[in-house]
Amino acid sequence: MENKYESLTLKNQLCFPIYLCSKEIIRKYTPILDELDLTYTQYIVMMYFWEVGKSNLKDIGKTLLLDPSTLTPLVKKLEKKGYITRVRSTIDERNLDIELTDKGRDLRDQALTVPEKIEKCIDLTEEESKILYKLMYKIITNTQKEGK
């Protein structure tokens, strides 16, 4: 007879290995990012800016799935470090435009070794990485749908 609580065991929870994986990967990032004086979340924000150049809080939050209460202090810390600057939008002065500084652009060159170092820790084949990436984004997309 099957235990009615079997579905509540850790071995039957997809969320548990995802949680552990995330925690362990971020743990591996920490010493690497310490060399750049960035936290993991600051690194994610910087990658966003290295990709788009200029943005605003609303668009950053939407892309990175970060709420304003998390994002605002992050942006302020990155500005204090001299990596980004916030200026009033010329289109709508209620909004702030955020863009990279020269120091923030230079940091990109220093960060070039980060992906390679992390790939060595994770040690997946290229095919495994692509499959995992697709599956993770499928989960993200499915959980972001309304009504789920």
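In table form, for the structure just shown:
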{"quantity": "Relative contact order, percent, the chain [alpha-carbon distance under 8 Å, six or more residues apart]", "calculated": "19 percent"}
{"quantity": "For the stretch 64-133, projected area of the alpha-carbon convex hull averaged over all directions, nm²", "calculated": "7.0 nm²"}
{"quantity": "For Asp97, residues with placed amide H under 5 Å, excluding near neighbours", "calculated": "Val87, Arg88, Ser89"}
{"quantity": "Residue-normalised accessible area of the chain, given per residue in Å² at a 1.4 Å probe", "calculated": "76 Å²"}
{"quantity": "Where N is the number of residues in the stretch 51-103, Cα Rg divided by 2.2 N^0.38 Å", "calculated": "1.07"}
{"quantity": "Square roots of 5 times each gyration tensor eigenvalue, C-alpha, the stretch 87-128, largest first, Å", "calculated": "36, 15, 6"}
{"quantity": "The stretch 1-50 shape via C-alpha gyration tensor axes, a/c threshold 1.5", "calculated": "prolate"}
{"quantity": "Alpha-carbon centroids, the stretch 1-59 and the stretch 61-121: separation in whole Å", "calculated": "18 Å"}
{"quantity": "Tail fraction, Cα-Cα pairs, the stretch 101-148, threshold 17 Å, whole percent", "calculated": "59 percent"}
{"quantity": "Accessible surface of the chain, 1.4 Å probe, proportion on carbon and sulfur as whole %", "calculated": "55 percent"}
{"quantity": "For the stretch 105-118, 3J(HN,Hα) per residue [Karplus equation, 6.51 cos²θ - 1.76 cosθ + 1.60, θ = phi - 60°, Hz, x = Gly/Pro]", "calculated": "5, 5, 4, 4, 5, 5, 7, 4, 7, 4, x, 5, 5, 6"}
{"quantity": "Cα coordinate range in the chain, projected on the principal axes (Å, largest first)", "calculated": "67, 39, 25"}
{"quantity": "Set of lysines near Lys62 by C-alpha distance (under 22 Å), chain-local residues within fewer than 8 positions excluded", "calculated": "Lys54, Lys76, Lys77, Lys134, Lys138, Lys145, Lys148"}
{"quantity": "FRET efficiency, Asn95 to Lys28 (Cβ-Cβ, R0 41 Å, nearest 0.05)", "calculated": "0.65"}
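The values are calculated or read from the model by the stated rules, or taken from the named source; none is laboratory data. This one's a predicted model, so the numbers in the text were calculated from it and none came from an experiment. Here the Cβ is made from the backbone with ideal geometry for all residues, glycine too, and neighbour counts use every protein chain on show. These area figures cover heavy atoms from the full protein model, side chains too; ligands, DNA and RNA do not enter into them. Shrake-Rupley method; radii C 1.70, N 1.55, O 1.52, S 1.80 Å.
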